[in-house]
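Participant: Please find one structure pasted underneath; my questions will follow.
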Amino acid sequence: MAHERSSFVWTAEQTPEEGSSYPKIVFYDEYARMQFHGQCYYWFFTHHYYTGTDKIELVWTFKKDFVYDIESLSQSNGVKKFPYYDDVFSEYSLVNDSVIKVKYHFPEWVKKVNELEKYTVFPDYFYLENIDIN
């Protein structure tokens, strides 16, 4: 999923109504950079475990850079169980060489954010982005 100076971009498959292929995620040694849309980046700390398969945990500790932020990410959104600073938010594991499956520790909150934003902010799968260099 990652390399020390990774440039592997993993992207969500969006429906035609949703448009672009955001969000995108790139994993590095100790953090992941998530791009929620064209002008909204978050950097999250991660934990990496190798137990026969790669698994990366994303920690709800972040730095952000945005022009248009996603406000629902910093609110409870009416849900009782939502992520706090330093919570393990999600787990990423390889399905195969081009697909990552995501398990969220706050599924009700994730569902609510996706509903409020009217696009899939937190997808269940990420796909290795195919970049045509021609």
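The values are calculated or read from the model by the stated rules, or taken from the named source; none is laboratory data. Since the structure is predicted, the reported quantities are computational estimates derived from the model, not experimental observations. Every residue, glycine among them, receives a Cβ derived from its backbone with ideal geometry; neighbour counts consider all protein chains shown. Keep in mind that these areas ignore ligands, DNA and RNA; they rest on the heavy atoms of the full protein, side chains included. Shrake-Rupley method; radii C 1.70, N 1.55, O 1.52, S 1.80 Å.
Participant: Over region 30-134, give the accessible area per residue in Å² for a 1.4 Å probe, as an integer.
Facilitator: Ligands and nucleic acids excluded, the result is 62 Å² per residue.
Participant: Under a crude label model (7 Å from the Cα following the beta-carbon direction), how far is SER76 from ASN114 in nanometres?
Facilitator: 2.3 nm
Participant: What distance in nm separates the two pseudo spin-label positions at SER21 and TYR125, each 7 Å out from Cα along the beta-carbon direction?
Facilitator: Simple spin-label model gives 1.4 nm for this pair.
Participant: Still on this structure, please answer the following. Using a 1.4 Å probe on the protein heavy atoms only, what accessible surface does TYR28 show? Give it in Å² to the nearest 10.
Facilitator: Result for TYR28: roughly 40 Å² accessible.
Participant: Let me check I've understood the local charge: for ASP54, count other residues with C-beta under 14 angstrom from its C-beta, Lys and Arg +1, Asp and Glu -1. What total comes out?
Facilitator: Summing Lys and Arg as +1 and Asp and Glu as -1 gives -1.
Participant: Can you tell me which lysines have their Cα less than 17 Å from the Cα of LYS103? Leave out same-chain residues fewer than eight positions away.
Facilitator: LYS24, LYS55, LYS81, LYS111, LYS112
Participant: Could you give the nm distance between label points at VAL95 and VAL67, where each point is 7 Å from its Cα heading toward the beta carbon?
Facilitator: 3.3 nm
Participant: For GLU30, tell me the accessible area in Å² from a 1.4 Å probe, rounded to the nearest 10.
Facilitator: For GLU30, solvent-accessible area is about 120 Å².
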